[in-house]
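Just below is one structure, and these are the notes that go with it.
The values are calculated or read from the model by the stated rules, or taken from the named source; none is laboratory data. On a predicted model such as this, the values are computed, not experimentally measured, just so you know. Because the Cβ atoms are built from the backbone with ideal geometry, glycine has one as well, and the counts that use them run over all protein chains shown.
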Amino acid sequence: MEDFESKDDGVIDDVDSESVSGVPQPYIKHPLQNTWTLWYYENDRNKNWEQNQREVTSFNTVEDFWSLFHHIKQASELKQGCDYSLFKKGILPMWEDNANIRGGRWLINLEKKHRGHDLNNYWLEVLLCLIGEAFDDYHEDVCGAVVNIRAKGDKIGIWTADALESQSVLEIG
């Protein structure tokens, strides 16, 4: 471990991040502003909607997001009738949840022929916007997003907290 040396201007010199934090650099994770929960919906007609919706995991760092993303199927690989949902922890991916009950959504409709590359890219871009809080001053008004795989075409929806907040809704969309 190196000694701290103070220069005349008060700046510390000759210090690496390991000696400051005590944690080797590769193990430092980058926290997100929110904890996010991934949900998976698989349509089983013998179960009700809530029984078909399963919580997969929650994460709160950039590294944990990428680890999860690289270990699950891409959206285009999901079976017809299945969904992924990514919502802030504590918000269920259902309109009846208190955080969503007054909300709305922006919807991207994709024809089935765009299921491959386009769907996967759009879904990743939406996920990165969510976890990166890319909605400027309105990031608190975003609850989550859903990708639906359906026979007629696929949908990506960004769910907002209050559909009547027109400025927020327009900025998010």
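Only one entry of R102, R150 meets the criterion of being assigned to a loop (DSSP other than H, G, I, E, B), in contact with a Gly (Cβ under 9 Å, 6 or more places away or on another chain) and touching a residue at least 12 places away in the same chain (Cβ under 8 Å), and that entry is R150. Within the range 70-126, the residues that satisfy the criterion of being β-branched (V, I, T) and more than 16 Å from E140 (Cβ to Cβ) are I72, I101, I108, V126.
Just one residue in the set D154, D97 is among the acidic types (D, E) and under 23 Å from N60 (Cβ atoms); that residue is D97. Checked against (1) in contact with a strand residue (DSSP E or B) (Cβ under 8 Å, 6 or more places away or on another chain); (2) surrounded by fewer than 16 Cβ atoms within 10 Å (Cβ to Cβ); (3) part of a helix (DSSP H, G or I), L127 meets all criteria but (2). All of I101, I108, I172, I158 fail the test of being among the β-branched types (V, I, T), at pLDDT below 95, loosely packed, with under 13 Cβ neighbours inside 10 Å and out of contact with any Pro (no Cβ under 8 Å at 6 or more places or on another chain), apart from I101.
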